[in-house]
Amino acid sequence: MKSNENNSRRRFLKLAASGSAGLGLAVNSVFGQVLPNGIEAETTELPVSGTKQKSVMGLCCEPLKTVRIGLIGLGMRGSDAVRRLMQVEGTEIIAIADVVEKNVKDANKQITDAGFKAALEFSGDEDWKKICERDDIDLIYQCTPWLLHTPISVYAMKHGKHAACEVPSAVTLQECWDLVNTAEETQRHFMMLENCCYDFFELNTLNMARNGVFGDIYHAEGAYIHDLRWLKFMKEGGYQNMWRLEYSKLHTGNPYPTHGLGPVAQIMGINRGDRFDYLTSVSTNQFGMTLYAKEKFGENSPEYRQAYKLGDMNTTIVHSLMGKTIMIQHDTTSPRPYSRIHRISGTKGMAAKWPVEQIALEPNAHEFLKKDDFDALIKKYEHPLAKQIGEKAKKVGGHGGMDFIMDYRLIYCLRNGLPLDQDVYDAASWCCVVPLSEKSVLNRGNSIDIPDFTRGAWEKAEPWPIVTIE
Ligand SMILES: NC(=O)c1ccc[n+]([C@@H]2O[C@H](COP(=O)([O-])OP(=O)(O)OC[C@H]3O[C@@H](n4cnc5c(N)ncnc54)[C@H](O)[C@@H]3O)[C@@H](O)[C@H]2O)c1
């Protein structure tokens, strides 16, 4: 890791731990350029990749009768993971950890109230190491703030565990390689928990794409547009120690690309027949957080006087080696309705999910399909996962059911010794947009090369198939 990266990281961790904003730093105007807050942006030169590792493309591991889980991070996301995982057949939650003791107690109450054996409780800052070191755990399932994702996942794999980790699983290029190198060295599964790949329309359009409905898909668009200003500035009951706001002070680019990118990358066969080649990225200046802070806390508040590096709208375009493009946007600080766009465009037609689900196909692709034709197509290409587990998933909930489908399929694959739907190469390729978009933004949108994390395995790999749980 480069020294300025270390400094940036140390400073972030310190701020996150103390919960204090970097006070007294000047911002010249809401509509002027936000001055840097004295912290060098991370540089992300391509590290030399390892050479002796064995590929984990298509990795199959020993089937597990029961998947014994260590769950780390029990905040907003992790507490819901406890609820969902208890409802997946063949799981046992052995140990739980959070630095907030109340979260641990509340999670264990959920477990015992549901009639299961209480999990072992951990609440020390580095107790996740103790959990990873245990020999009665198969899977480390992690829902912590971003900067812990790679360190915990790497430690877990080095201690023989499979690792599943929330998004984004890596925020620097070095971390992307650390995940790849460790998975290859240890031959353990790593899966980023990109739940949006399992949403109903995304699965549906994947099935249509595999069946040639859109022809050859050469362009797609995705996004994470979600007004999170209220949550970012929430002092109690929001993100622990306001970690997401702290990250926004230090970084620009697209810090959260995978919800939009994951589903379309799978549809387009990225890392399986094609791969990302380079990206270019631009951001607006930052307006939203400062304006929000002024209205909520006043002109003399530290929140208003604080500089935030994260531009409101980031637009990144990724170009693939086969000449295809993906446009990815990120905006969590503007007053707009939620959108992940999910637009795919091929030689025979297109589909889009936001703001309304629509499909247009040749020979009349000038117009969107009428409701009856649209409904018939959706029914015809309903994905087997939606057919098999969709109803239960909707009852269990978690973003309308997609979270449960993801958990169910992860556990199913581990219990049956199957390759996982998303592997470490997907995680690295999707997450490297975090540092590389920032680098491009800071270089006036200049293009930045994207490494081949698969070390050439993408050429022979087959696109992710239409999977089932039967
Ligand atoms: N996939 C999705 O749809 C989705 C939705 C929300 C959040 N997320 C991701 O989930 C992760 C958690 O987000 P959140 O909203 O739950 O945030 P949160 O702040 O509510 O939860 C993080 C938890 O990690 C705990 N933690 C911090 N340091 C720890 C340590 N050393 N050991 C153990 N626990 C520690 C915190 O106390 C907190 O309870 C983030 O990566 C976020 O991006 C994903």
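Values in this text are rule-based calculations from the coordinates and carry no lab data. Predicted, not measured: the structure shown is a model, and the values here were computed from it. When we count neighbours, we look across all protein chains shown, and the Cβ atoms used for this are built from the backbone with ideal geometry, even at glycine.
Each part gets one Cα centre, and for segment 190-218 versus segment 308-360 those centres are 14 Å apart. For the chain, the residue among 120, 256, 290 whose Cα projects farthest onto the positive side of the dipole built from Cβ charges is 290. A dipole drawn for the chain from +1 and -1 charges on Cβ atoms has a positive end, and of 57, 326, 467 the residue lying farthest that way is 326.
Dipole size of the chain about its Cα centre, with +1 on Lys/Arg Cβ and -1 on Asp/Glu Cβ: approximately 460 debye, rounded to the nearest 20. For segment 311-464, the fraction of C-alpha pairs more than 27 angstrom apart is 43%.
Applying a 10 Å radius around every beta-carbon, put 163-172, 312-321 in order of their mean neighbour count, most first.
Packing proxy ranking, top to bottom: 163-172, 312-321.
Summarising the amide proton neighbourhood of residue 191: residues at separation of 5 or more, or on other chains, whose placed amide H is nearer than 5 Å comprise 163, 164, 165. By the count of neighbouring beta-carbon atoms within 10 Å, fewest first, 101, 92, 62, 303 end up ordered 62, 101, 92, 303. Among 210-222, 242-254, sorting by the average number of other beta carbon atoms lying within 10 angstrom of each residue, highest first, gives 242-254, 210-222. The string of couplings for segment 294-307 from the Karplus curve (6.51, -1.76, 1.60, θ = phi - 60°) is 5, 5, 8, 10, x, 5, 9, 6, x, 4, 6, 6, 5, 8 Hz, one whole number per residue in order, with x for Gly and Pro.
Over all other residues within a Cβ to Cβ distance under 11 Å of residue 261, the charged ones net out to -2, with Lys and Arg as +1 and Asp and Glu as -1. Take every Cα pair under 8 Å whose residues are at least 6 apart in sequence, average their separation, divide by the length of the chain, and the relative contact order is 22 percent. For segment 53-146, the antiparallel share of DSSP beta bridges with both residues in that region comes to about 0%.
Note that segment 339-344 has calculated 3J(HN,Hα) couplings of 7, 10, 6, 6, 10, 10 Hz, one per residue in order, obtained from phi through the Karplus relation 6.51 cos²θ - 1.76 cosθ + 1.60 (θ = phi - 60°); glycine and proline are x. Only beta bridges with both residues in the chain are counted; by DSSP, about 50 percent of them are antiparallel. Evaluated at q = 0.07, 0.11 Å⁻¹, a Debye calculation over the C-alpha positions of the chain (equal weights, vacuum) places log10 I(q)/I(0) at -0.35, -0.90. Comparing Cα centroids, segment 232-305 and segment 400-415 end up 27 angstrom apart.
Packing-based ranking of 438-451, 121-134, 276-289 yields 276-289, 438-451, 121-134, ordered from highest to lowest mean Cβ neighbour count within 10 Å.
Estimated from the Cβ-Cβ distance and a Förster radius of 25 angstrom, the FRET efficiency linking residue 322 and residue 60 is about 0.35.
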